[in-house]
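Here the structure is laid out as structure tokens; the discussion comes afterwards.
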Amino acid sequence: MKKHLLTYIAALFMAACGNNKTEQWELRTPDGSQARTVSIDTMEMSNPFIIFDREKPAYYMTGDGGYVWKSSDLRLWNGPYNVLALDTLEWMGARPQITAPEIHKYRGRYYYVATFTRDDVTIDNVSGKDVPRRSCQLLVSDSIEGPYKPIPAETPLLRADQASRGATFITDEFDAGYLIYSHDWCQSGEGTTQIILMTDDLARQIGEPYIMFQASQNPWSAGEGSVPSPIMDGPWLFDTEELELGMLFATEIDGKSAVGVAYSEKNHGLNGPWHIEPQPLLTGGYGQPMLFNDFDGSLVMVLHKDTIVNGKRKNIPQLIEADNQFARLKIKGRYNY
């Protein structure tokens with residue numbers, strides 16, 4: 001009897017110790033200072049992304065740098081908060097550059113999709129310029145507020161010798177997960193939008209990537225000197241109510257950021273073929289678009305705008321109301337809070 005009692009007490013003790021080891025996570029600012037509240041039209045952020053989580057309920061915005069801001073009305077944002085728990089044993093290290101992050105909910109968990117860059121690691125040299133280790137990776141968490149950790153895997157999600165950027169995540173009608181990203185034009189000479197099928201745990205790719213389209217297919221894109229721009233970045237998939245599958249993307253025209261749209265042939269889905277619309281959707285410094293639904297269900301586009309503020313050039317987040325009720329995505333105007 002005494003032996004059973006001691007075993008029971010030992011089990012309780014081990015359970016208690018285990019509970020003490022359980023990670024307690026709460027939103028914190030990167031340097032431990034008090035979070036601040038700012039208006040979105042005064043923020044500086046490149047590649048903004050917004051998701052509305054009805055379980056909280058709250059809006060979450062992230063962008064270059066990887067930090068997260070939180071809001072109840074899309075106008076005022078509280079933060080920044082750190083939601084990442086990076087592993088120094090992973091290829092991206094503890095302090096990589098983080099660009100174009102997104103947060104997606106999939107099968108009850110949250111996935112942080114971003115581009116990670118290691119300037120201290122070189123994978124290629126193109127025309128005398130080193131190409132750093134830059135690749136898209138997913139991190140996972142049980143909560144939208146983190147901590148997001150690398151998904152255990154024997155190999156990186158994408159090839160180590162190929163620079164990639166601007167990834168997004170989408171599922172098909174069978175709930176299979178796909179990563180859509182751009183092969184970095186700094187290495188390839190021309191940006192290409194590519195897609196890969198992933199394993200159920202989103203840790204590895206299945207098969208080889210498929211090129212959906214490339215920068216040279218864009219009929220209106222041009223960089224400095226009227227040379228067609230090699231930039232093809234920031235893919236974002238969406239459906240119209242007439243069941244057309246579209247993709248927003250970022251490029252440039254006349255040396256300034258611009259937003260284009262491509263559509264897959266009807267009933268062809270992700271496989272395409274894809275056709276870029278003959279005219280840009282937005283020009284004049286708009287870049288890296290994505291879409292989300294607000295609390296009322298309205299479709300909203302968030303992206304950054306290259307803006308001069310007090311004589312300095314900054315990227316400011318912009319909210320635009322969009323409409324997908326027909327076969328093509330339409331811009332309605334500035335979003336009203």
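Nothing in this text is a laboratory measurement; each read-out follows from the coordinates by a stated rule. As the structure is a computational prediction, the values presented were derived from the model and not from experiment. Reconstructed Cβ throughout: ideal geometry from the backbone, glycine too, with neighbour counts over all protein chains shown.
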Who wins for biggest fluctuation among ALA322, ALA258, ALA176 in a Gaussian network model of the chain, springs between alpha carbons below 10 Å?
ALA176
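Over segment 26-334, what is the relative contact order in percent, taking alpha-carbon pairs closer than 8 angstrom and at least six residues apart? Could you put the intermediate results ahead of the total?
Values: 802 pairs, mean separation 38.8, N = 309.
In percent, rounded to a whole number, it is 13.
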Could you give the length gained by full extension between GLU241 and PHE295, i.e. 0.36 nm per residue of separation minus their alpha carbon distance, to one decimal place?
17.5 nm
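By counting other Cβ atoms within 10 Å of each Cβ, how are PHE174, PHE49 ranked from fewest to most?
Numbers: PHE174 5, PHE49 25.
Arranged by neighbour count, lowest to highest, PHE174, PHE49 become PHE174, PHE49.
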Provide THR283, THR168, THR37 in ascending order of the number of other Cβ atoms located within 10 Å of each residue's Cβ, fewest first.
THR37, THR283, THR168
Flagged as over-length at 29 Å C-alpha distance, from LYS129/LYS330; LYS56/LYS266; LYS105/LYS312; LYS105/LYS305; LYS305/LYS332; LYS129/LYS256, the pairs are LYS129/LYS330; LYS56/LYS266; LYS105/LYS312
Out of TRP77, TRP25, TRP274, a Gaussian network model of the chain with alpha-carbon springs under 10 Å gives the largest mean-square fluctuation to TRP25
GNM flexibility winner over the chain from LYS266, LYS312, LYS256 (Cα, springs under 10 Å)
LYS312
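Neighbouring Cβ atoms within 10 Å as the yardstick, rank LEU270, LEU138 fewest first. Walk me through the intermediate numbers first.
Details: LEU270 17, LEU138 24.
By the 10 Å Cβ count, ascending, the order reads LEU270, LEU138.
By average Cβ neighbour count within 10 Å, what is the ranking of 97-107, 182-192, 237-247 from highest down?
On the way: 97-107: 19.4, 182-192: 21.0, 237-247: 16.4.
Most protected by this proxy first, the peptides run 182-192, 97-107, 237-247.
Just subtract the alpha-carbon distance of ALA94 and ARG107 from 0.36 nm times their residue separation and send over the number in nm, one decimal.
Numbers: separation 13, 0.36 × 13 = 4.68 nm, distance 2.76 nm.
Stretched out fully, the ALA94 to ARG107 stretch lengthens by 1.9 nm.
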Nearest 10, in degrees from 0 to 90: the angle of helix 2-21 to the longest Cα principal axis of the chain is 30 degrees
